[in-house]
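Report on the structure given below.
Throughout, read-outs are computed from the coordinates displayed, never taken from laboratory work. Computed from a predicted model, the values in this text were never measured in an experiment. Counting neighbours? That spans all protein chains shown, and the Cβs are built from the backbone with ideal geometry, glycine included.
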Amino acid sequence: QVQLAESGGGLVETGGSLRLSCVASGSVFTNNIMGWYRQTPGKQREKVATITSGGTIDYGDSVEDRFTISRNNPKNTIWLQMNSLKPEDTGVYYCFSKVFGTARYYWGQGTEVTVSS
């Protein structure tokens, strides 16, 4: 199985920055997609950003041009650099990993991001 360890959440002011990290360990396969979803009470869980093992990136519309996702394949680690944060970015951010060709998702415990107005 795969374990995901997230870190980097916290409290920031509007316009500030945070960097989240997620480290995958265990039975990690090379051909995968990893990324971040976020959850806010009263809203559907939404995609923030994803990145494949080949480097293909996809951002959610609400974070385009403000967030940057990256990864280090040998260490099975991804980062999410969040700039120009807004109160609507507040939520719990969950890291996920999925092997190509499977329906099994692995999820981290989540890291909380709070942006004050």
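Here are the numbers:
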| item | result |
| --- | --- |
| Proximal lysines relative to Lys86, as straight alpha-carbon distance under 19 Å, when same-chain residues fewer than 8 apart are discounted | Lys43, Lys47 |
| Whole-number percent relative contact order across the chain, with pairs defined as alpha carbons under 8 Å at least 6 apart | 35 |
| Estimated distance in nm for a label pair at Ser21 and Glu112, the labels positioned 7 Å out from Cα along Cα-to-Cβ | 2.2 |
| Å³ per residue enclosed by the Cα convex hull of the range 1-102 | 103 |
| 17 Å tail of the calculated P(r), the range 49-101, as % of Cα pairs | 38 |
| Under the Debye formula (equal points on every Cα, no solvent term), log10 I(q)/I(0) of the range 1-42 at q = 0.18, 0.27 Å⁻¹ | -0.71, -1.09 |
| For the range 23-57 and the range 1-21, distance of Cα centres in Å | 13 |
| Farthest positive-ward along the range 56-117 dipole, Cα basis, beta-carbon charges - from Asn73, Thr56, Gly108 | Asn73 |
